[in-house]
Amino acid sequence: MTVKIPRPAPDAASLRPETRLIHSGILRSQFGENAEALYLTQSFVYDSAEQSAARFRGEDDGFIYSRFSNPTVAMFEERLRAVEGAEAARATATGMAAVTSALLCFLKAGDHVVAARALFGSCRYVIEELLPRFGITSTLVEGTDLKAWENAIRPETRAFFLESPTNPTLEILDIAEIAKLAKKAKATFIVDNVFATPLLQSPLALGADVVCYSATKHIDGQGRCLGGAILGSQQFVKDHLHTFLRQTGPAMSPFNAWVLLKGIETMQIRIEKAQDNALKVADFLAGKPKLKKVLYPFRKDHPQYELAKRQMKGGSTLLSFEVEGNQAGAFRFANALRLIRISNNLGDAKSLLTHPGTTTHQRFTPEARAEMGIGEGLLRLSVGLEHPDDLIEDLSRGLAAV
Ligand SMILES: *Cc1c(COP(=O)(O)O)cnc(C)c1O
C-alpha cells in the first residue's frame, strides 16, 4: 500500500479561529481517513534497532510510548495550540493535572507563588496546601487589587497564578496589568482560562506566559471525557514541562483526545449559543425580588463590566446569583428545578446548577467563603444549549419556591 500525502492545509496563521477548530493538527494515516483516527496503542514499533536507538536519542522523529506522546493526543495538542496561538501545547489527563504540572514542572523548594484568592477549589488546594509541603510558599491576594499583587512580591517569587472570570463569583481580573507586575518580578504568569475558553479570552496576547485548560469543560462540551492542556512557549516546554510530563505521567488517554478533538470542532457554535443563552437568562433574573444579586460579566451592572468588555470577546457561559434565605433558600430554588440539573460540572450542553457553599467550596470555613464572596445563598449556573425560554421557565419554578 502506498502512503498518501494529502495536499498540505493552509498555514494555521492564515486561518480564522473557527476554521482552526476544525482543520488544524490533522495527522492522516496511509488510509487517508477524513475523521481523525483513534490510535489506541500504548507503544510503537521500529524498523530496526538503529531506528529505535535514534528515536530515544531524539534524532528520529516519531512516537515512542503513549505516556510521552501519541498521534491522537498530538492532533488534539496541535489543534488547541493553533486555536490559542501558542508556540507549544501539551495535553494532560485532567485540568488539575495541567495546573499541577504547570506549577511543579519548574518550581522548587524556596520558591514563592502569588495567586488570586478566588480559585477553583482544587487549584486553591494545590497552591495553599500542596506546594507548601514541598517548601514552595504562597501568598493569596484579592485578585482585583493590583496593589495587593505588587505588595505580595518577594525576591523569591517565581510564579503568578489566577483564573478569570473567577469561580464561582465571576470576578474579572486585569490580566494585562497583572502581567506587567509578573514581568517586573520575573515570575512565570500562569492563567487558568477554563471559564473564558480560548475563544473568548487570549491570556498569552495579554501578557501571560502559560495558559491551562480543563478540556473536561467547554472543549468536550458534552460532559463525557476528562482532559487538560498546558500552552506556552517552546522554551517553557523544552526547559520544564517536557521532561516533567514524560517522567511523572499525567498523560491524556488517546480515547479522550479523540472525543475532545471532535468536541473542539463544534466549540465556536456551542460557545456562541450558550453565552447568548447566559445573557438572556441573566437579563431575566436581574432585579427579581427574591435575588440579592445577579453576576454576569457582560451585563452593565457587573462590577468589572468595562474590563470584561476590554479583555474578553464574550461574557462566558456562566452566571451566578444569590437568592434570599441563605442555604435553605438556595436549596429550595435548586430542588424546584425540573430541566436544569444539580451538578458541580460546567461547560456542558445541558444547563447545570451548583451550590458552591456546600459542594465545590464546602471545605472552606464560612469566613473564608465570605472573603471569596461566596454567600450561603449563592448559586452558579452553567448555561447550556437549550432553548432560552425553557431555561427561563425552569428558573421561574426556582424563584417561585425560594
Ligand atoms: C474544572 C476546572 C479545573 C479542573 O479540571 P478537571 O478537568 O476537573 O481536573 C480547573 N480549573 C477550573 C477553573 C475548572 O473549572
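Below are the figures for this structure:
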quantity	calculated
Long-range amide H partners of F161 with built H, under 5 Å	V114, A115, A116, I190
Label-point separation, R224 to Y46 (7 Å along Cα→Cβ), nm	3.5
Over the chain, relative contact order from alpha-carbon pairs under 8 Å, at least 6 apart, %	16
DSSP loop chymotrypsin sites (Phe, Trp or Tyr not before Pro) with at most 13 other Cβ within 10 Å excluded, longest remaining stretch of the chain	135-402
Helix axis angle, 388-401 relative to the chain longest principal axis, alpha carbon, degrees	40
For the stretch 60-107 and the stretch 138-208, distance of Cα centres in Å	22
Share of Cα-Cα pairs in the chain lying beyond 31 Å, as whole percent	39
Crossing angle, helix 326-336 versus the chain [Cα axis fit, 0-90 degrees, rounded to tens]	70
Distance violations [Cα-Cα > 30 Å] among K184/K262; K147/K293; K273/K293	K184/K262
The chain: angle of helix 71-84 to the longest principal axis, Cα-based, in degrees nearest 10	50
The stretch 96-205: radius of gyration and largest Cα-Cα distance (Dmax), Å	12.7, 36
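All of the numbers you see were taken from the coordinates with simple rules; none came from a lab. All figures in this text were calculated on a predicted structure; none of them were measured in a lab. A quick note on method: Cβ atoms are made from the backbone with ideal geometry, for glycine too, and the neighbour counts reach across all protein chains shown.
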